[in-house]
Each structure stands twice: as C-alpha cells, then as structure tokens.
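**Student:** Sharing a structure with you now.
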RNA sequence: GGAGAGAUGGCCGAGUGGUCGAAGGCGCUCCCCUGCUAAGGGAGUAUAGGCUCAAAAAGCUUAUCGAGGGUUCGAAUCCCUCUCUCUCCGCCA
C-alpha cells in the first residue's frame, strides 16, 4: 500500500511512476473522492465535537441537579445528522481504501524500465552449462523412465498440475528441502520457523495477495460449503481460510500489528512449506512436468529490516539463494526484473534463473524482492526508531529455493547417458550415501 | 464437544453510564539533589487520522480500552455476535 499522504501531495509524480509499471492510477477518481472525503470528514468531526461537548454539559448539569431538557432538545436531531455524515464518510473511506489496496508498489530508482520480461537486466552468471554427448531428455522423461515420477496417478488422485514422486526421487525431494533449510540456518543466520498452511484473509491482505488476486488462491471453508454458517458468513473473513501460495504470507505476517524493538532487527526467517496456487491465469503454460504445479514445496526466506538497511539485505538475500545453487553446482543467472515484470508488492526484484538443458534455457527458480514499506503499511508492522517513535519496517522475501524446480534442474543437469541421474555430492549424506538414482534403486 | 473465567496503554493493574485517553505502580526520558553507589524530589512518557499553516513548530479536533454491531444526549462500563486466552471434564494425532 502506498502512503496516502504522499499520494495527496505528489499525485502526478506517483501516477507517472506507476505508468512505468504498466498501471494506470485513477487520478480523477482519487481527486474527486479526496475532495469529498475532506469536506465530509471535517463536517463529521465538527458534529462529533459538538455531540461530545454537549454530552459533557449534560453530565455536569445533571450532577448539579439542574434541568437538562433545554440542552436535550437543542441536539435532538444531531444524532441523525451525525449518523448520516458518518455513513457517507465510511463509504468514501472504503472507496479510497479500495484504490489504495489495489495499487501496486512503486519501483525503486535502480529498477530498469521496460514493457516485458525481455527488458529484464542480466546482472551476473554463475557456472557454465554442461555439454552433453547424448540426446538430452527432459525431467519428465527421466523421472518416468526411472519409474519415480507418476503424473497419471497424480491425475487420478487430484487432476492436472499435481504429481506423485516415489522412492529415491521422493527422498531426493525431501533431501533438497532439508539441505536448503540446514544451509540457511547454519550458514546464513536464519531462524527456522514452522507455520500454518492455512491463513486468514488479513494475512493475505497484508502481503498483497488480497483483494486483487483471490482467483490465484485456494480457499478452504471449515466443514466445506455445507458448513451451517457458510451461507450467512460467506463474505466474512472469519470462516474463510486460504491455503498459502507461499510461506512469505505467514512468515511476513508474523510481525503484523507488532512494534519490534530496534535492537532485534533484522529478523530473518526461513520456512519449508508446501505452496498452493490455482494458476488460474496460466492455462496452457508449462503444462508438462513439475515446473508449474498446484502444489509445490518451497523454502522461503523472509527479512524484516530497518528501512535504511533493506537494500543491503536484498543483496544478502539473493546471495543466500544463490549459495544453494552453487553448492548444488547448478548453473544460473541473476536477473533484475524491469518495471513491468515485477510483482504487485515489490519495489525491486531479482530473479534467479537456473539452467535447464532440455529447455535450452534459464528458468526462474527464485524470486527475491524488497517490498520496502508496502506490505508493512498494510500490516501495520513497525519498529521503534531512534527517537522512540513507531516507524514502518521494510519487508523482503525470496525463495531459497523452489524445491520442485530445483529437483527438475538436478534431474536434467545430472542425467547420464544410461538414464540414471547422479546425486550432487552435498546431497549424498542426506540420501544415506546414495550417489545415483537408477531404475533398480527406485524400487 | 460440555462447564466456567477472562481480554484495559511498553508492562502490571484500577475502573460497572457522565469533563476517562483512562487512577496507581513498574519501566523509560529529562531536570534537581547527592564524594561514588544506593535512596530521594520534580516534570514528561500511547497510536492513527483530520483541519489551520508555504513549511516547520504549534494549536484545534476525531477515533481507538480484543473485533464488529446495538441501546443512550453520553459507553472501557449495559445488550448482541464473533475471535482469542486460561481452568476443569470429554475426545484425539
């Protein structure tokens, strides 16, 4: 959420900066609502002040035993007038709030301008793609031939965009998550956190998924839709829980409505969770394989930082995610997303893209963003600054990494001519010493 | 699932219709006193808005006592709904 003060005083500048992100801010509507809000709020508060003063007088008069009927008749219709004004004001505030809640964050000055992902800027590359002297298979072919990856069974259980992994592959998947968590808590100073996978609407509003992107989420009603309360309470947040689309949501919302002591900053959290996404807008995209699933695991990194330190924190966050790929010896590149390619809440985003031989391309495996105060303002997440006053924090998040996609990268980059897959050396201890996935070993 | 108790400022805690944004205490900040330390005296100490103002400062003002409704001229206080916490019983991975 943007700062409404800033919008009032610097509207044209902000609107033009949002245009660079491909967002058209409703300037006229905002101005008109603001003008109305101003006059009606002033009017409302005058009426409230009058009511308060009069009521106080009545109290004093009654204590003295004086007759109050004169004062009472004087403000007889104040109540109705006030109620009407309050209703109008509330209506306007809601509309303004709606605009604020659906306006994306402003891009940081260092973000490259652009109209599509083609305008993203490559920052650096690490490693070089392996040369193959046999026909490269994609991860689906590799996994299915090893009989460790089973989309047919997954479809029977749940439908498209789900997967079933077995044997060594399931274990490798688990090993990856463990390895990532261990690296972040032991080498990068993160606090491991276990979080709920179902969260309330306030959380999703806090991180920016709601109200704009509800169609991307899965919703869970207690007792399902036949729940006796669901008919009446459908619109209320209380009976609606959403499956988390990323652990960013619960991790970041841990500081919602909190004031964090300065000396505790930065907070660095890591969690391994499943993520659930409806992928409503991506029909026909990445339909093959593990790349785009309704359910996938991710190890998520979140920083809660002092505003002056958040851009330094972003660089650290990216380097922490990169470290995982380096240890796994997977080639990757780091991209600075351009203005039009960034997510709703981000002020600046780096994507890490891993090399996938079968696609002959780098594909996103991590996205690391500094949201500055955008989420913190929605969440009222603050710290006590040097003057002792509460001030909005900066929040950052990044994948460290997406486990499913990392698995894809390992299968494809470590595939062998005989159809087996060697296991990266850092993972072998997590696999009971196993160094290779084979058909025989998968049983 | 059954029975009961509760939710007040950074913390503890008083407050059951009227100058209550809220006593008192702790903590914190500043000042005074004091060889040092300890003790003592005084002042201050919530948050988010709005308006005035070029701006700062300041002033005026509104809202907030778990959340949302209601009653009332007036609600921390009364009524309703919800959420959460605690105690006891039952059930349970």
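Taken together, the values in this text are just the output of simple stated rules run on the coordinates, not laboratory data. Computed from a predicted structure; not experimentally measured. Backbone-built Cβ (ideal geometry, glycine too); neighbour counts: all protein chains shown.
**Student:** Springs between alpha-carbon atoms under 10 Å, Gaussian network over chain A: tell me which of A:327, A:298, A:156 tops the mean-square fluctuations.
**Tutor:** Checking each option, the largest mean-square fluctuation is seen for A:156.
**Student:** Moving on. Stretch residue A:71-residue A:200 to full length: gain in nm at 0.36 nm per residue minus the Cα-Cα span?
**Tutor:** Result for the pair: 41.7 nm of gain on full extension.
**Student:** Taking the alpha-carbon set of segment A:348-443, what are its Rg and Dmax in Å?
**Tutor:** Expressed in Å, the Cα Rg and Dmax of segment A:348-443 come to 20.7, 66.
**Student:** Can you classify segment A:77-161 as rounded, prolate or oblate using the Cα gyration tensor, where a ≥ b ≥ c are the square roots of its eigenvalues, rounded means a/c under 1.5, and otherwise it's prolate if a/b beats b/c and oblate if not? Write down the numbers at each step before the final one.
**Tutor:** On the way: a/c = 6.87, a/b = 2.01, b/c = 3.41.
Cα axes put segment A:77-161 in the oblate bin.
**Student:** Something else: 222 nm [θ] for chain A, helices only, -39500 (n - 2.57) per DSSP H run of 4+, per residue, to 500? Mind showing how you got there, number by number?
**Tutor:** Details: 15 runs with 175 residues, N = 443.
Using -39500 (n - 2.57) per qualifying helix, the result is -12000 deg cm²/dmol.
**Student:** Let me ask something else. Return one number: the angle in degrees, 0 to 90 and rounded to the nearest 10, between the long axis of the Cα atoms of helix A:403-413 and the longest principal axis of the Cα atoms of chain A.
**Tutor:** Its long axis makes an angle of about 30 degrees.
**Student:** With an 8 Å Cα cut-off and a minimum separation of 6 or more residues, compute the relative contact order for chain A in percent. The partial results should precede the final answer.
**Tutor:** Details: 807 pairs, mean separation 91.7, N = 443.
Contact order relative to length: 21 percent.
**Student:** Could you give me the percent of Cα pairs per 10 Å distance bin for segment A:10-72, shortest bin first, beginning at zero and ending with the bin that holds the maximum distance?
**Tutor:** Pairs per bin, as whole percents: 19, 24, 17, 14, 12, 10, 3.
**Student:** Over the Cα atoms of chain A, what is the Rg over Rh ratio if Rh follows Kirkwood?
**Tutor:** That ratio equals 1.09.
**Student:** For segment A:153-223, what class follows from the C-alpha gyration tensor (a ≥ b ≥ c being the square roots of its eigenvalues): rounded when a/c is under 1.5, otherwise prolate if a/b is larger than b/c, else oblate? If you can, show how the numbers build up before the last one.
**Tutor:** Values: a/c = 2.62, a/b = 1.13, b/c = 2.31.
Here segment A:153-223 falls in the oblate category.
**Student:** Compute the distribution of all C-alpha to C-alpha distances in segment A:380-425, in bins of 5 Å from 0, and list the percent of pairs in each, rounded to whole numbers.
**Tutor:** Taking all Cα pairs of segment A:380-425, the binned fractions are 5, 16, 14, 11, 7, 7, 7, 6, 8, 8, 6, 3, 2, 0 percent.
**Student:** Turning to a different aspect of this structure: For chain A, take the longest principal axis of its alpha carbons; what is the angle in degrees between that and the long axis of helix A:78-101, to the nearest 10 within 0 to 90?
**Tutor:** Tilt of helix A:78-101: around 20 degrees.
**Student:** Which one of A:186, A:45, A:295 has the biggest mean-square fluctuation once chain A is modelled by GNM with Cα springs under 10 Å?
**Tutor:** A:45
**Student:** Could you give the semi-axes, largest first, of the ellipsoid that matches segment A:72-222, computed as the square roots of 5 times the alpha carbon gyration tensor eigenvalues and rounded to whole Å?
**Tutor:** Values: eigenvalues 519, 120, 69 Å².
Equivalent ellipsoid semi-axes, largest first: 51, 24, 19 Å.
**Student:** I need A:91, A:320 ordered by Cβ neighbour count within 10 Å, fewest first.
**Tutor:** A:91, A:320
**Student:** Right, something else. Given 37 °C and 0.692 mPa s, compute D for segment A:240-352 with the Stokes-Einstein relation, Rh being the Kirkwood radius over Cα pairs; round to the nearest whole µm²/s.
**Tutor:** Values: Rh = 16.4 Å.
In µm²/s, the coefficient rounds to 201.
**Student:** Please arrange A:109, A:216 by counting, for each residue, the other beta carbons lying within 10 Å of its beta carbon, fewest first.
**Tutor:** A:109, A:216
**Student:** Which one, A:273, A:94, A:19, has the greatest fluctuation when you compute a Gaussian network model over chain A with C-alpha springs under 10 angstrom?
**Tutor:** A:94
**Student:** Still on this model: How would A:126, A:355 line up from fewest to most surrounding beta-carbon atoms within 10 angstrom?
**Tutor:** With the fewest neighbours first, A:126, A:355 line up as A:126, A:355.
**Student:** Additional query: What are the semi-axes of the equivalent ellipsoid of segment A:1-144, taken as the square roots of 5 times the eigenvalues of the Cα gyration tensor, listed largest first and rounded to whole Å?
**Tutor:** Computed over segment A:1-144, the values are 62, 19, 13 Å.
**Student:** Using the Kirkwood formula over every pair of different C-alpha atoms, what hydrodynamic radius in Å results for segment A:254-316?
**Tutor:** 14.7
**Student:** Here is a further query. Between the alpha-carbon centers of segment A:59-120 and segment A:407-425, tell me the distance in whole angstrom.
**Tutor:** 59
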